[in-house]
Amino acid sequence: MTRTGTRRERLVAWTAAHPWAGFTVLCALVFVLAASTARAFTYPPLNGGDEPAHLDYVITVWHLHLPVFENGITYHAPFGATTPVQWVSQHPPLYYLVLAPVVGPLFDGGHPLMAVIAGRLISALMAGAVVVASAWAAWRCFPTARRLPGGVAIVTALAGMLIQQGGSIYNDVLFVLFCVLACGIAGAALRSGVGPGLFVGAALVGAAGMTTRLSFALWLVAIVVAVVLARRVRFWGLSGIWARIVAGAAPVVAAVAASGWFYLHNKRTAGNFSGRHADWGIQNMGRVERPIPEVAFDGKFWTDLYGIYRGVLPQSDPIQWVLMILPMALAVVVGVTLLVRRRRNTPAGLDARAAVTAQRRDRLSTLLIVLMFVAVSALLSVTEIDYVHGGGAPNTRYALTILPVITIAMAAGLTGWRRASGILVTVWIAVSFVPYLSLVDLHVAGIVPHAARVVQLMFAISVVAAVGCAVGAFLDARRAGPAAVSEPRETAEPVDVER
């Protein structure tokens, strides 16, 4: 039996055992699409931030050029804000190339407002893809965690910062999609090994991610390490050490082939591969260099960076930490409980030795995935500390780099106990509506025709979808049927205290 067949059978068996997980993911998808659209019609077009520069980048590549930092914005809409320089020109062009065939003709045709709305709606579709990919990544990292994919889809869809990016023209939303896919690929490699499909997927995601943002390098490293440490690596007749070398090198080679030219362009035009103009920010934006210890022990730095669930509430509002930290604390309790139960439930019988071997193998895979999560999170924090030390700002958008790590940890806490999972998820959804409501204006008035009606309709759809998520969480918490026992032993131990 081929590895592809085994993977398909595993997906079919999991779907049969957990029929309501798909319903939950679908509701989460509908929610984020509706919420992002409501946000797109709430926030004034090109009102500020980086969106005017991102739109300019889209139009520039539509005209077959790359933007220049010193030239500022060259394509101005008759509304909204502007920027003194083109301060997103350092980003690779993949996101802008995706939007260009739609946004470019609208802008050139004298419909700049429609161009902005169209760009925002494309971002909303990308946010929807992030939700679905997050559920997939959770399944590949922890295949027998029964309720984890649905829980991850819910907490991802209700992340205020994702909704904001899904309602704006920002390249972060495509970037986070590739981060989530990279997480799933790395987890799958550590869990079940590398075959032809995963080999190709790792190369494509590595190339696409590095063609979106430089900070994808964190996940590129994670993919390479996971592939090298995979349980088995075999594709197209190649196996052994050479298969590991080729599989580990492929994502890097693909990334260099796809985006290396752009980083050389940054080096030539800005003096560094990142394309950053730190001196300009210090001279013109009031930025200052700060000692690394001062940044690391500054509470505001951490609040600014990790306020993913804040919406646009004040930074001092504690609700963001209730939404994020409390589920993570529950996840720690779930993990400790699982360790204790596993030690007590020692396999016995004729197949005891094989069972112990499989259990140890699964534990090692789980440990490696958790270590990967910790390493990527630590590297992001260190990178951001260094960035702010050099005069940068700790934008919350940057924490989306580890969104899959955050949401998997949160969902593990909310869904770890079967009997309590429905209640915990429902309460969490209800509380998360507080920051969500800060993102939408049901009576918005502005230059977008019928904006208030669109927001009202999308908000109503999002409420129905949120109710569906809660119902799905309760239904997904029911005991699994007989199909659940047919899951292969090579999959991970579940984050499931009570089946």
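The values are calculated or read from the model by the stated rules, or taken from the named source; none is laboratory data. None of these values were measured; they are calculated from a predicted model. Cβ atoms come from the backbone with ideal geometry, glycine included; neighbour counts cover every protein chain shown. Calculation scope for accessible area: heavy atoms of the full protein, side chains included, ligands and nucleic acids excluded. Shrake-Rupley method; radii C 1.70, N 1.55, O 1.52, S 1.80 Å.
Couple of notes before you dig in:
- Span from the segment 153-216 Cα centroid across to the segment 305-328 one, whole angstrom: 23
- A simple spin-label model places the labels of R363 and I245 3.5 nm from each other, with each point 7 Å out along Cα-to-Cβ.
- Electrostatic bookkeeping for R290 treats Lys and Arg as +1 and Asp and Glu as -1; over the other residues with beta carbon under 14 Å from its beta carbon, the sum is -4.
- Assigned charges on the beta-carbon of Lys, Arg, Asp, Glu; the chain dipole about Cα centre (debye): 2220
- Total formal charge among the other residues, if their Cβ is under 14 angstrom from that of I73, Lys/Arg +1 and Asp/Glu -1: -4
- Note on the chain: dipole from Cβ charges, positive end direction compared against A186, L66, V85; the farthest Cα belongs to A186.
- Helices meeting the span-like rule in the chain (full DSSP H runs, Cα extent of at least 18 Å along the helix axis, mean Kyte-Doolittle score of -1.0 or higher): 3-17, 19-42, 94-108, 112-141, 172-192, 196-210, 240-270, 319-344, 352-389, 418-437, 451-476.
- By average C-beta atoms within 10 angstrom, highest first, the peptides 433-443, 247-257: 247-257, 433-443
- Near the amide H of T144, within less than 5 Å, lie the amide hydrogens of A492, all on another chain or at least 5 residues away, with H placed in the peptide plane.
- When the P(r) is computed for segment 33-120, the part past 21 Å accounts for 24% of the Cα-Cα pairs.
- Three principal axis extents describe the C-alpha atoms of the chain; from largest down they are 76, 52, 46 Å.
- Heavy atoms of S316 accessible to a 1.4 Å probe, total area in Å² rounded to 10: 110
- Near V194, the amide H atoms lying under 5 Å from its own belong to R232, V233, R234; only residues 5 or more places off or on other chains count, and H is placed 1.01 Å from N.
- Global form of segment 240-347, assessed from the alpha-carbon gyration tensor, a/c cut-off 1.5: oblate
- Computed 3J(HN,Hα) for segment 73-85, one whole-Hz value per residue from the Karplus formula 6.51 cos²θ - 1.76 cosθ + 1.60 where θ = phi - 60°, is 7, 9, 10, 9, 8, x, 8, x, 9, 9, 10, x, 9, glycine and proline marked x.
- H63 accessible area, assembled protein chains, probe 1.4 Å, Å²: 60
- Charge sum, other residues only, whose C-beta stays under 15 Å from L442's C-beta, Lys/Arg counted +1 and Asp/Glu -1: +1
- Helical contribution to [θ] at 222 nm, DSSP H n ≥ 4, -39,500 (n - 2.57), averaged over the chain, rounded to 500: -22500 deg cm²/dmol
- V336 contributes about 80 Å² of solvent-accessible surface, heavy atoms of the protein only, 1.4 Å probe.
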